[in-house]
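Visitor: Below is a structure I'd like to ask you about.
Every number here is computed from the coordinates shown, using simple stated rules; none is lab data. Only a predicted model underlies this, so the values are computations on that prediction, with no experimental measurement involved. Neighbour counts are summed over all protein chains in view; Cβ atoms, including those assigned to glycine, are modelled from backbone coordinates with ideal geometry.
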Amino acid sequence: MKRISEKTELPVIGVTYEESQGIEDAIKHHFPDSYETKLAEYSKLGSREKITLHTSHNLYIRNEGCTVLEATQLLDKITLQGSIPEPLRITQLLANTLLKAKF
């Protein structure tokens with residue numbers, strides 16, 4: 001995230017919808033030969049912050065190039081209802097449509 005933010009000179013916000021204990025076991029399982037490197041990179045991301053949107057839904061975010069408050073304000077503006085910000089909702093719809101069309 002930091003590298004993307006620095007290269008683009010734009011803020012980057014990572015969004016998840018559920019609190020989780022992490023993905024360490026999954027990384028070890030799927031990448032048995034290289035999990036140490038991947039876990040080291042994952043740990044550099046830092047912890048996620050729990051925020052509550054104006055829709056009363058919670059999100060968990062990581063942010064780079066902006067503050068948690070700025071990220072929250074942006075996500076509030078682009079989340080019309082529920083917990084999924086509109087750009088992510090549209091991207092999911094498009095991806096699902098393309099997958100269905102391909103098969």
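Visitor: If you take the beta carbon distance between Asp76 and Ala26 as r and set R0 to 35 Å, what does 1/(1 + (r/R0)^6) give as a FRET efficiency, to the nearest 0.05?
Guide: Step by step, r from the Cβ atoms, then E = 0.70.
Visitor: Please turn the phi angles of the stretch 48-56 into ³J(HN,Hα) values with the Karplus equation 6.51 cos²θ - 1.76 cosθ + 1.60 (θ = phi - 60°), one per residue in order, whole Hz, x for glycine and proline.
Guide: Listing the rounded values in order: 8, 9, 7, 10, 10, 7, 4, 7, 6 Hz.
Visitor: Got the relative contact order for the stretch 2-102 handy, in percent, Cα pairs under 8 Å and 6 or more residues apart?
Guide: It rounds to 28 percent for the stretch 2-102.
Visitor: Each residue of the stretch 34-45 in order: what ³J(HN,Hα) in whole Hz does its phi give by Karplus 6.51 cos²θ - 1.76 cosθ + 1.60, θ = phi - 60°, with x for Gly and Pro?
Guide: Listing the rounded values in order: 9, 5, 4, 5, 5, 5, 5, 5, 4, 5, 5, 5 Hz.
Visitor: If Lys and Arg each add +1 and Asp and Glu each add -1, what is the summed charge of the other residues whose beta carbon sits under 11 Å from the beta carbon of Leu45?
Guide: Here the charged neighbours net out to +2.
Visitor: Right, next: Just subtract the alpha-carbon distance of Glu86 and Lys102 from 0.36 nm times their residue separation and send over the number in nm, one decimal.
Guide: Going from the current span to full extension adds 3.3 nm.
Visitor: Let me ask another. Going by Cα centres, the stretch 1-23 and the stretch 57-101 are how many Å apart?
Guide: 12 Å
Visitor: Let me ask something else. Compute the distance in nm between two label points, each set 7 Å from the Cα along the Cα-to-Cβ direction, one at Ser34 and one at Lys7.
Guide: So the label points at Ser34 and Lys7 sit 1.6 nm apart.
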